[in-house]
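Have a look at the structure below before the remarks.
Please treat every number below as a calculation from the coordinates, not as lab data. Remember, predicted model here, so these are calculated numbers, not experimental data. Cβ placement follows ideal geometry from the backbone for every residue including glycine, while neighbour counts extend to all protein chains displayed.
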Ligand SMILES: [Mn+2]
Ligand SMILES: [Mn+2]
Ligand SMILES: [Mn+2]
Ligand SMILES: [Mn+2]
């Protein structure tokens with residue numbers, strides 16, 4: 001027995017060994033530890049508790065990253081960070097050169113938001129690994145936690161920066177064009193944060209992951225309402241974002257007579273009202289439109305506004321319907337600009353396609369839930385996630401847990417320790433299975 | 001001849017001497033020097049030229065004050081500053097203890113504005129004194145330049161801070177309640193700027209000024225349109241400012257369905273539209289309403305806005321009509337809040353009465369214009385000025401000069417060197433007359 005057969009037998013043994021492990025897994029999740037780590041993480045915020053504000057490359061963000069790296073290191077994970085601060089914390093498998101199984105989420109937070117969005121998928125992933133280690137499990141494929149940089153669009157106006165860059169949707173040149181509101185370039189910002197590697201090194205190879213699972217709070221009411229333990233996401237809704245600017249002449253609030261004005265704020269206010277009308281006109285609960293940001297200049301009470309900039313978010317699980325809403329908003333903006341004699345411009349910041357989960361991962365999650373006696377249901381994610389982009393390159397699925405009243409992006413966002421523990425358990429169980437799979441013969445690294 | 005008669009003869013001589021001086025005044029204004037000093041002043045800005053942004057107690061503001069003090073000192077003026085940074089630069093008269101003749105304006109500038117609003121009345125006042133000195137004139141009453149602190153409401157949300165405090169409209173306790181957007185208290189801010197004197201010492205005594213004249217650009221189109229050299233202001237329009245806040249629940253822009261939202265931004269947008277309607281409904285050009293500031297939180301594209309705060313400015317030369325517009329806006333705000341299920345609150349930040357100029361000063365300005373062969377016209381100021389508050393305590397008038405296209409609060413705000421020179425000449429001529437008047441026997445300081 002030699003050559004290729006030797007390898008085949010070796011891997012068959014590995015597989016059998018690991019299926020036995022997985023079947024006999026005695027996984028125990030330490031929910032109170034996860035809870036206390038989430039609370040510790042909440043402390044890294046630019047606004048006072050219970051609000052969380054953690055914006056890309058601010059001191060709070062860097063402190064949170066520091067804290068996570070410390071936790072990963074305590075578990076003996078192998079850490080690397082790429083040129084924009086995506087953090088990879090790897091538990092090397094016996095077949096360390098095979099494509100890994102990825103899991104993770106983000107740890108940034110929009111201004112005045114809560115402590116569970118994203119973070120549950122990071123700290124939860126770590127606890128999943130700890131539970132596996134405690135049970136004596138040892139993976140064949142490496143298991144890797146990925147903490148995505150800037151899932152939220154707060155600083156540079158575009159969400160899922162990390163996953164877009166990892167999957168080549170954002171190229172180095174695209175990244176270098178980004179500016180924040182203070183005209184700090186993305187490059188200046190990442191350098192100041194200590195990330196100085198070449199942007200060309202970020203993109204992951206096709207064989208980097210064999211599968212990716214993101215654990216996340218639902219950010220909607222369905223699981224809680226149905227008393228369901230976990231949701232298995234089959235598709236992520238398609239988001240689009242517009243930036244509309246209006247520019248008038250401004251002037252003195254006392255001296256400039258009404259009929260001589262071309263007030264940029266009033267143009268923006270009219271468009272905001274129109275965005276709501278455009279959503280409601282579709283007559284379906286699946287179309288949502290939000291004017292989420294609205295900035296005017298000079299923004300002082302005694303001056304007629306000269307500039308208005310609106311950030312508009314349009315989502316639908318139906319891409320065609322979403323695009324028709326976009327078109328309506330764009331034409332309303334033009335009509336308003338004409339009527340109010342202001343200049344205007346429209347930029348489509350992103351207009352991504354919906355993503356489907358990988359069928360085999362959906363099944364793996366459902367099997368784990370069954371084996372653990374957790375109730376589960378398939379669902380669509382209306383919120384945006386890094387998994388949307390990861391799914392375009394690697395088999396991907398998401399695991400949702402219920403959160404109170406479906407509330408998110410608010411300080412009263414809440415998921416119970418029990419809900420989180422069940423999510424972590426299902427995640428750990430699934431990671432065990434996936435990481436036990438034998439590497440394929442034709443896998444490039446073998 | 002002794003006792004009281006001695007004094008009477010002395011003062012009669014003084015008066016006659018000065019009337020002779022005033023009549024034979026050979027005043028020459030150095031317009032190009034004023035222009036170059038205004039340009040120098042423009043450099044102290046937080047935004048790049050041609051924009052000017054000079055906000056209370058910022059480094060730019062402190063640098064501008066430094067520059068002005070240097071100019072005043074070069075002329076040998078006696079400088080004092082009060083506890084909030086109102087700057088007084090005095091040319092002592094022969095009767096130095098008599099009430100002075102005041103003149104001046106402000107040097108702060110709203111974000112992204114121009115270089116003539118306020119500054120013309122400060123640098124112009126200095127050039128008026130220089131012209132008087134060059135002519136050999138010597139005043140009986142002291143002539144004092146007053147540079148008001150924070151005419152613009154940018155930092156603490158309330159305009160004419162300096163003049164309100166000088167005239168007791170704002171008491172020390174009112175000042176101490178003020179907070180800027182960063183929650184810096186007014187006291188913290190003035191201390192940081194080096195102003196540490198007691199607030200109780202600010203208010204001026206009733207006999208401090210015998211008259212006050214503010215030179216200012218018109219900030220409207222009338223003088224330019226009519227080809228008129230100077231405008232003599234007979235009344236300052238009555239401004240009022242409202243702060244309206246709406247508070248909803250916020251939520252995730254993807255996950256929160258439209259019918260479950262109570263979006264604070266949309267409530268604010270509706271109110272902004274209503275403020276315009278309320279002004280137009282009056283059917284007169286004298287009613288102007290501006291939603292000048294609009295701040296939302298969290299102000300991020302993927303989050304339903306939870307807070308909206310509007311700064312609304314309402315002006316009219318008719319106080320009753322202005323107040324009826326205020327009432328309409330306040331009731332619209334309540335209706336919108338109910339319809340959109342958001343909380344709301346309304347604060348009337350100020351609601352000042354219009355002020356009339358002192359008849360004798362209006363006549364003195366008109367006489368000077370006539371003697372100088374300048375065309376002139378009486379007019380109402382639609383814009384807000386420190387003179388509004390000074391007028392409540394001292395005889396006050398304003399002198400307007402034309403500015404291009406009536407534009408103000410914008411970087412393209414412009415007044416020609418010729419227009420400024422004529423304004424300074426008329427001001428100098430009037431100051432000469434007023435400062436030559438004999439002190440009254442019953443004046444307290446004699
Ligand atoms: Mn989020
Ligand atoms: Mn998230
Ligand atoms: Mn102004
Ligand atoms: Mn002014």
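Take each residue of peptide B:401-408, count the partner chain Cβ atoms within 10 Å of its Cβ, and average: the result is 3.
Within 10 Å of the Cβ of each residue in B:281-294, the mean number of Cβ atoms contributed by other protein chains is 6. Here the extension length gained between residue B:343 and residue B:179 equals 56.8 nm, from 0.36 nm per residue of separation less the Cα-Cα distance. A crude spin-label estimate for the pair residue A:206 and residue B:171, with each label 7 Å from Cα along the Cβ direction, gives 7.9 nm. The residues A:409, A:344, A:259, B:429, when put in order of fewest to most other Cβ atoms within 10 Å, stand as A:259, A:344, B:429, A:409. Considering only A:252, A:216, A:376, the Gaussian network model of chain A with Cα springs below 10 Å gives its largest mean-square fluctuation to A:252.
Each stretch of four or more DSSP H residues adds -39500 (n - 2.57); spread over every residue of chain B, this sum gives -11500 deg cm²/dmol at 222 nm. Sorted from closest to farthest, the other copies place their residue A:194 label points 3.8 nm away, with each point set 7 Å from Cα along Cα→Cβ. Spin-label model, residue B:96 to residue A:96: label points 7 Å out along the Cα-to-beta-carbon direction sit 8.8 nm apart.
Post the alpha-carbon centroid distance, region B:283-322 to region A:332-407, in whole angstrom. Value for the Cα centre distance between the two parts: 36 Å. Once the C-beta distance of residue B:225 and residue B:319 is scaled by a Förster radius of 22 Å, the resulting FRET efficiency is 0.25 to the nearest 0.05.
Each of A:234, B:103 has some number of other Cβ atoms within 10 Å of its Cβ, and from fewest to most they run A:234, B:103. Report, to the nearest 10°, how far helix A:119-134 tilts away from the longest principal axis of the Cα atoms in chain A, using its own Cα long axis and a range of 0 to 90°. Tilt of helix A:119-134: around 10 degrees.
Efficiency by 1/(1 + (r/R0)^6): what FRET value for residue A:191 and residue B:133, r their Cβ-Cβ distance, R0 = 45 Å, to the nearest 0.05?
Working: r = 56 Å, r/R0 = 1.25.
It comes out at approximately 0.20.
Against chain B, whose longest principal axis is taken from its Cα atoms, helix B:31-42 shows a tilt of about 40°.
What is chain A's relative contact order, in percent, from Cα pairs under 8 angstrom and six or more apart in sequence?
On the way: 978 pairs, mean separation 105.6, N = 446.
Answer for chain A is 24 percent.
Which residue, A:192, A:364, A:109, has the most motion in a Gaussian network model of chain A that connects Cα atoms within less than 10 Å? Per the Cα network of chain A with a 10 Å cutoff, A:192 tops the list. Taken as Cα centroids, region B:187-226 and region A:73-151 sit 61 Å apart, rounded to the nearest whole angstrom. Taking Cα atoms, how many degrees apart are the long axis of helix A:319-339 and the longest axis of chain A, rounded to 10 and kept between 0 and 90? Once rounded, the angle reads 20 degrees. Distances between equivalent label points of residue B:49 across the copies, with each point positioned 7 Å along Cα→Cβ, amount to 5.2 nm, shortest listed first.
Taking every residue in A:256-263 and counting other chain Cβ atoms within 10 Å of its Cβ, the average works out to 6. Looking at chain B as a GNM with Cα springs under 10 Å, which of B:278, B:355, B:269 has the largest mean-square fluctuation? Highest fluctuation among the options: B:269. Using only alpha carbons, chain A has a radius of gyration to Kirkwood radius ratio (Rg to Rh) of 1.02.
Once the mean 1/r over all distinct Cα pairs of the protein assembly as shown is inverted, what Kirkwood radius in angstroms do you read off? Provide the component values of the computation, followed by the final result.
Working: mean 1/r = 0.0324 Å⁻¹.
It is 30.9 Å.
Our estimate of slack between residue A:30 and residue A:70, defined as 0.36 nm per intervening residue step minus the Cα-Cα distance, is 12.6 nm. In region B:301-320, which residues have a backbone nitrogen under 14 Å from the label point lying 7 Å from residue B:284's Cα in the Cα-to-Cβ direction? Hits in region B:301-320 for residue B:284 at 14 Å: B:315-320.
Of the residues B:51, B:286, the one with the fewest other Cβ atoms within 10 Å heads the list, and the complete ranking is B:286, B:51. Of all beta bridges that DSSP places with both ends in chain A, some 70 percent have antiparallel geometry. The other copies place their residue A:207 label points at 9.8 nm from this one, listed shortest first, where each point is 7 Å from Cα along Cα→Cβ.
Quick one: grab the alpha carbon gyration tensor of region B:247-290, order the square roots of its eigenvalues as a ≥ b ≥ c, and give me rounded if a/c is under 1.5, else prolate or oblate depending on whether a/b is larger than b/c.
Details: a/c = 5.26, a/b = 4.15, b/c = 1.27.
Since a/c reaches 1.5 and a/b is larger than b/c, the shape of region B:247-290 is classed as prolate.
The modelled label-to-label distance for the pair residue B:198/residue B:359, using points 7 Å beyond Cα in the direction of Cβ, is 4.1 nm. Put simply, region B:154-256 fits an ellipsoid with semi-axes of 35, 27, 12 Å; these come from the alpha carbon gyration tensor as the roots of five times its eigenvalues, largest first.
Kindly identify region B:239-351 as rounded, prolate or oblate by the Cα gyration tensor criterion: order the square roots of the eigenvalues as a ≥ b ≥ c, call it rounded if a/c is under 1.5, otherwise compare a/b with b/c, prolate if a/b is larger, else oblate. Write down the numbers at each step before the final one.
Working: a/c = 2.61, a/b = 2.39, b/c = 1.09.
It comes out prolate by the Cα gyration axes.
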